[in-house]
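See structure below.
The values are calculated or read from the model by the stated rules, or taken from the named source; none is laboratory data. Keep in mind that what you see is a predicted model, and the values were worked out from it rather than measured. Counting neighbours? That spans all protein chains shown, and the Cβs are built from the backbone with ideal geometry, glycine included.
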Amino acid sequence: MLDAQFTPQVPHTVRLSDYRPPDWLVPTVALDFDLAPGCTRVRATLTVTRNGAHDRPLVLDGQELRLLSLTVDGVADATQPVGEHLTLRLAGDTAVIETLVEIVPSANTRLMGLYASGGNLCTQCEAEGFRRITFFPDRPDVLSTYSVRMKADARAYPVLLANGNMVARGDDDGGDTHWAEWTDPWPKPCYLFALVAGDLQPLRDRFTTMSGREVQLAIWTAAADVPRCAHAMAALKTSMAWDEVHYGREYDLDVFNIVAVADFNFGAMENKGLNVFNSKYILADPETATDADFDAVAAVVAHEYFHNWTGNRITCRDWFQLSLKEGLTVFRDQQFSGDQGSRAVRRIDDVRSLRAVQFQEDAGPTAHPIRPDHYIEIGNFYTATVYNKGAEVIRMLYTLLGEAGFRAGTDLYFERHDGQAVTCEDFVRAMEDASGRDLTQFRRWYEQAGTPRVGVTLAHEGSTATITLTQTTPPTPGQPIKLPVHLPLRLALFDRASGARIGDERLVELTEATTTVVIPDVPTRPVLSLNRDFSAPVIVEHACPAADRVFLSAHDDDPFARYEALQQLALDTLSAEGPCDDLVAALGATLGGDDPAFIAEAVLLPTEAFIGDQAAVVAVDAIHARREAVRHAAATAHRDAWWAAYRGNADAAYAQTPEAKGRRRLKNVALGYLMATGEREAEVAAYAQFENANNMTDRIAALSVLANSDAPERTAALAAFYDRFKGDASVIDKWFSVQAMSSRADTLAATIALTRHPDFSHNPNRLRSLVGAFGVNQLRLHAADGAGYAFLADQVLSVDPVNPSTAARLMTPLGRWRRFDEGRAALMRAQLQRLLKTPRLSKDVFEMASKSLA
Ligand code: ARG
Ligand code: ZN
C-alpha cells in the first residue's frame with residue numbers, strides 16, 4: 001500500500017466560478033473554552049438552518065481537531081470527520097449541533113487558530129483559522145452571533161477577553177481558576193472571532209462618539225510595555241474621530257480592546273471589538289521606535305479600526321472579494337495618514353512601496369487581478385496587489401467621482417449592505433448608482449492583472465499642443481489578451497520661460513487604446529506634467545528630454561510631480577552610461593529647497609531593485625556600480641550643502657511632530673550622502689551620532705550606514721547596539737536587518753552566521769528581519785554563484801513545516817528568475833525545483849513554487 005502522505009498530490013484549486021451560497025446557515029454560536037496551552041477543550045453549540053430547499057448535508061470544516069463527542073439535537077452521533085470535513089445529513093430544516101474537541105495551542109506553530117505567544121493565548125482566524133478551533137462552515141458568508149465562555153488558570157491568565165462586551169465573570173475552585181462570558185451582538189463571519197487569555201495590563205482611555213455614546217478603550221500588553229502604548233492609543237482616538245468626520249461612521253460597541261502579541265504572522269487583525277496586533281505595530285517610544293515605526297503604528301491602528309465598517313459591518317461574500325475590504329481600508333488609512341502630516345510625502349511613500357512590491361508582482365509569475373479568480377491557498381493572496389493596487393483602484397474612483405460623488409457612493413454602500421457579506425461588484429454598483437456614472441469599463445481593473453503602460457507624445461504647432469496617449473497592458477500568466485482600462489490621468493502644461501502653469505490642471509479619462517488631447521492657446525512649446533499625484537497606477541513611457549525633467553523638478557506645482565521628475569531623471573541617468581551632470585545639478589537645486597521632509601524623499605536615488613525593474617535583464621553588479629558612482633558624484637559635488645543639511649537639521653530636542661520628523665529624515669539622508677563621499681569625517685560623524693543619539697531614528701540611521709561600510713567603528717557599533725537593546729525584540733530585529741541589508745561582500749556569510757545566533761528564531765518578525773531583509777538585498781541575494789538563492793531556499797525549507805504562510809512569503813524573490821541572466825535564472829529555477837521536490841511541502845509553498853516555474 002502507498003502511504004497517502006507520501007503520494008505527491010496536486011492540491012485542490014478553488015475557483016470563483018464555483019461559488020455557491022452556503023447550504024446551511026448558523027444564526028447562533030455558543031463556545032465554551034477550557035483553556036490550557038497543552039490541551040484546550042472547546043465545546044461548540046451551533047444552531048443551524050437549512051438555506052433554501054435542497055437535500056445537501058451540512059459540511060463543517062475542521063483541521064487538526066480531536067473530536068471527543070458530537071450530538072445532533074441532543075442525541076449522540078458517531079459520525080467521524082473524513083479528511084478536513086465533518087459531514088452531517090440532517091432530516092429537518094433546523095438543528096442544534098454540539099461538538100467537543102481538543103486542541104493543543106502550545107503545538108500550534110502556524111499561528112493560525114488558537115496559539116500560545118509569550119505565555120499568553122490568542123487567536124488568528126482570518127482567513128481560515130477558525131476551523132483549527134472548532135468544526136464550522138469556515139467561510140465569510142456565514143454570519144452568526146456569538147456568545148463565548150472561557151475558563152482558565154487565574155494566575156497564568158488573569159485577563160480573559162473576547163469579541164463584544166463582557167457580561168459575567170467569576171471564580172472556580174476557590175479562585176485557582178476563573179471564567180468570563182462575552183457576547184457580541186453583531187452577527188459576524190467566523191474569521192472575525194477572537195479570544196485572548198493572558199497576563200496583561202491595560203492602557204485605558206475613553207472616546208465619546210458623535211451621538212454621545214462613551215466607549216471604553218483599552219490596549220493590553222505586558223505590564224512593562226504599557227507606557228509604550230500611548231502613541232497607539234492617541235492614533236486610535238484620532239481614527240475614531242476621523243471616520244466620523246470623513247465617512248460618517250460611528251463605533252458600535254461599548255468597548256474596544258486591542259491586544260499586542262509578539263508572535264504574529266501579519267501586521268494586525270480587525271476582530272470585532274478585539275483587535276489583535278503584532279506588537280511591532282503597537283509599542284513605540286522614542287528610544288526604541290523610529291519615526292517610520294511611529295507612522296506605521298498610527299497607520300495600522302487606523303487601518304484595523306476602519307475595518308469595523310469596511311470589513312466587519314460589511315464583509316466579503318467569499319475570499320476572492322478580499323480587496324473589497326482591504327483595498328478600500330488601505331485607501332482609507334492612506335487618506336487618514338495624509339491628513340496627519342505632509343500629504344505629498346505620504347503619497348510619495350505609498351507610490352514608492354507600490355512600485356517596489358506591487359509592480360514587481362504584476363510583472364511576475366504570480367500576477368493576479370485585485371479580485372483573483374482562483375487560488376490554491378488563500379493565504380498567498382494577502383498581497384500588495386489585493387491591498388495596495390486595490391487601494392489605487394479605489395483612489396481612481398475617488399478621482400473620477402470627486403470627493404462628494406465618492407462620499408455619496410460610500411454612504412449608499414453602507415446603507416445598502418450593512419450586515420451583509422458582499423462582492424466587489426456590489427461596491428462598484430453603489431458607486432455607480434450614487435454618482436450616475438457608468439463604470440462598466442472601470443470594472444476591468446478588478447479582472448485584469450498587469451500594470452498598464454501609458455505611452456505619451458507631445459506635439460506643438462502654431463499655438464496648439466497635442467498630446468497623444470496610448471495604453472497597453474502586457475500579458476500576464478493566464479491572461480494573454482488585455483483590454484483598455486478606464487483610467488484618470490491628471491496633467492498640466494507649463495511655460496518654459498516663466499516656469500508658470502498654463503491654465504488649470506486637467507483630468508483626462510483614458511478609455512480607448514489611443515486618446516488625443518488638443519490644448520489651444522499655447523504659444524510656445526510647453527513642458528508636460530503627467531500622472532500628477534500618481535492619479536493612475538500605471539507606468540508612463542514618455543521620452544522626455546532631460547531638460548524637461550530638470551524643469552519640472554524645479555517648477556511643477558504638484559509636489560509629487562516634482563519628486564517624480566527627479567526620480568525619472570535619476571532612472572534615465574542610472575540606466576545609462578555617461579555623464580550625470582544634469583541629475584547632480586537637479587539634486588543640488590532640490591537640496592536648496594525649504595521643506596526638509598520633501599527634500600529628503602526627493603533626493604533619494606531609486607533603489608537598485610527599482611533600477612533593475614526598468615531593464616529587460618537585471619544587470620546586478622553593473623547597477624550597483626553605476627548607482628554608487630552617481631551617488632559619489634552627487635555627494636562630492638554638493639559636499640558642503642550635505643554637511644549644511646546634516647548639521648543644520650541636527651536638533652538637540654526630540655519631538656514627534658511632522659516638522660521635527662522631516663528634519664531628522666533630511667539629516668539622515670544627508671548622512672548617507674556624506675558617507676558616499678568616502679571622507680573619514682563622515683564616518684566619525686556617523687559614529688558620534690550613533691553613540692549620542694537620543695532616539696532610535698538617529699541611532700539606527702547611523703548604525704545602518706556604518707553597517708554598510710568598512711569604517712573601523714563598525715564592529716564596535718554593532719556590538720554596542722546589541723548589548724544595549726538585547727531583550728527588546730523589535731530593536732533586535734533592526735539589528736538583524738541592518739546586517740542583512742548591507743552591500744558588503746561578506747553579507748551572505750554574516751547573514752548565515754546570524755541564523756546561528758541565539759536570538760534567531762522562527763518568530764515571523766525575526767524571520768522577516770533577517771531572511772526577508774536579505775531577500776530584498778539585490779546585490780547580495782543575486783550573487784552570481786547562486787549561494788544567496790541556496791540560502792533562501794534552505795530557510796524556506798526550514799520554516800515550511802513550522803509556519804507555511806511565512807515560508808511562502810520568504811520565497812517570493814526566487815520567483816523573479818525570468819528577469820535575470822540565464823546563469824542566475826538557472827540557479828534560481830534549480831532552487832524552486834528543489835523546493836517542489838520536497839515531500840510534505842505545504843500548499844502555500846507548493847502554490848508559489850509551482851506558479852513560479854510555470
Ligand atoms: N485582515 C488583516 C488586515 O488587513 C490581515 C489578515 C491577514 N491574514 C492572512 N491570512 N494573511 O489587517
Ligand atoms: Zn486589512
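Points worth noting:
- Among residues that are under 27 Å from the mean Cα position of the chain (by Cα), buried (at least 18 other Cβ atoms within 10 Å of the Cβ), outside the structural domain of residue 488 (by TED's automatic domain parsing) and closer than 26 Å to residue 363 by Cα, residue 427 is not included.
- Comparison of 208, 183 shows that the only residue that is in contact with a strand residue (DSSP E or B) (Cβ under 7 Å, 6 or more places away or on another chain), surrounded by fewer than 19 Cβ atoms within 10 Å (Cβ to Cβ), without any contact (Cβ under 8 Å) to a residue 40 or more places away in the chain and outside the structural domain of residue 22 (by TED's automatic domain parsing) is 208.
- Applying the criterion of being more than 16 Å from ligand 1 (Cβ to nearest atom) and free of Cβ contacts under 8 Å to residues at least 60 places away in the same chain to the residues of the stretch 322-347, the residue that is farthest from the chain's Cα centre (by Cα) is 343.
- Within the stretch 500-546, strands (runs of 3 or more DSSP E) holding 1 or more residues that are of a type in the set (D, E, K, R): 501-510, 539-542
- In the stretch 766-794, the residues that are over 14 Å from residue 833 (Cα atoms), over 22 Å from the mean Cα position of the chain (by Cα) and not small (Gly, Ala, Ser): 779, 780, 781, 782, 785, 791
- Only one of the listed residues (728, 746, 723, 733) is in contact (Cβ under 8 Å) with a residue 60 or more places away in the chain and surrounded by fewer than 19 Cβ atoms within 10 Å (Cβ to Cβ). That residue is 728.
- Restricting the stretch 498-521 to residues that are of a type in the set (S, T, N, Q) and out of contact with any His (no Cβ under 8 Å at 6 or more places or on another chain) leaves a set whose member that is surrounded by the most Cβ atoms within 10 Å (Cβ to Cβ) is 515.
- Positions within the stretch 373-389 being more than 12 Å from residue 848 (Cα to Cα), within 13 Å of ligand 1 (Cβ to nearest atom) and not β-branched (Val, Ile, Thr), in sequence order: 382, 384, 387, 388
Results for (1) in contact (Cβ under 8 Å) with a residue 60 or more places away in the chain; (2) in contact with a Gly (Cβ under 8 Å, 6 or more places away or on another chain); (3) crowded, with 19+ Cβ neighbours inside 10 Å; (4) closer than 24 Å to residue 131 by Cα, shown as yes or no for each residue.
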position	(1), (2), (3), (4)
145	yes, no, no, yes
155	no, no, no, no
174	no, no, no, no
178	no, yes, yes, no
190	yes, no, yes, yes
201	no, no, no, no
212	no, no, no, no
216	no, no, no, no
231	yes, no, yes, no
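- Yes/no for residue 345 being crowded, with 20+ Cβ neighbours inside 10 Å and within 29 Å of residue 251 (Cβ to Cβ): no
- Residue pairs whose Cβ atoms lie under 6 Å apart, sitting 6 or more positions apart in sequence or on different chains, and linking a residue in the stretch 286-303 that is among the small types (Gly, Ala, Ser) to a partner that is more than 14 Å from ligand 2 (Cβ to nearest atom), are 289/696; 298/235; 299/337.
- Taking the stretch 762-783 as the range and being within 12 Å of residue 809 (Cβ to Cβ) and buried (at least 21 other Cβ atoms within 10 Å of the Cβ) as the test, the residues that pass are 764, 767, 771, 772, 775.
- Filter pass, residue 684 being in contact (Cβ under 8 Å) with a residue 24 or more places away in the chain and not assigned by TED's automatic domain parsing to the domain that holds residue 359: no
- Count of residues meeting criterion [among the hydroxyl-bearing types (Ser, Thr, Tyr), away from ligand 2 (no atom under 16 Å from the Cβ) and under 17 Å from residue 427 (Cβ atoms)] in the stretch 357-407: 2
- Residue match in the stretch 426-445 (condition: in contact with a strand residue (DSSP E or B) (Cβ under 6 Å, 6 or more places away or on another chain), at pLDDT 95 or above and not in a loop (DSSP other than H, G, I, E, B)): no
- For residue 224: the one exception among (1) in contact (Cβ under 8 Å) with a residue 40 or more places away in the chain; (2) surrounded by fewer than 17 Cβ atoms within 10 Å (Cβ to Cβ): (1)
- Scanning the stretch 334-355 for residues that are touching a helix residue (DSSP H, G or I) at 6+ places or on another chain (Cβ under 6 Å) and part of a helix (DSSP H, G or I) yields a total of 12.
- Number of residues in the stretch 273-312 that are within 13 Å of ligand 1 (Cβ to nearest atom) and within 20 Å of residue 413 (Cα to Cα): the value is 9.
- Conditions (1) in contact with a Phe, Trp or Tyr (Cβ under 8 Å, 6 or more places away or on another chain); (2) touching a residue at least 40 places away in the same chain (Cβ under 8 Å); (3) not hydroxyl-bearing (Ser, Thr, Tyr); number of the one not met by residue 632: (1)
- Taken as a whole, the structure leaves residue 328 outside the set of residues that are within 16 Å of ligand 2 (Cβ to nearest atom), in the same structural domain as residue 426 (by TED's automatic domain parsing), part of a helix (DSSP H, G or I) and closer than 23 Å to residue 815 by Cβ.
- Taking (1) within 16 Å of ligand 2 (Cβ to nearest atom); (2) surrounded by fewer than 20 Cβ atoms within 10 Å (Cβ to Cβ) in turn, residue 415 satisfies each apart from (1).
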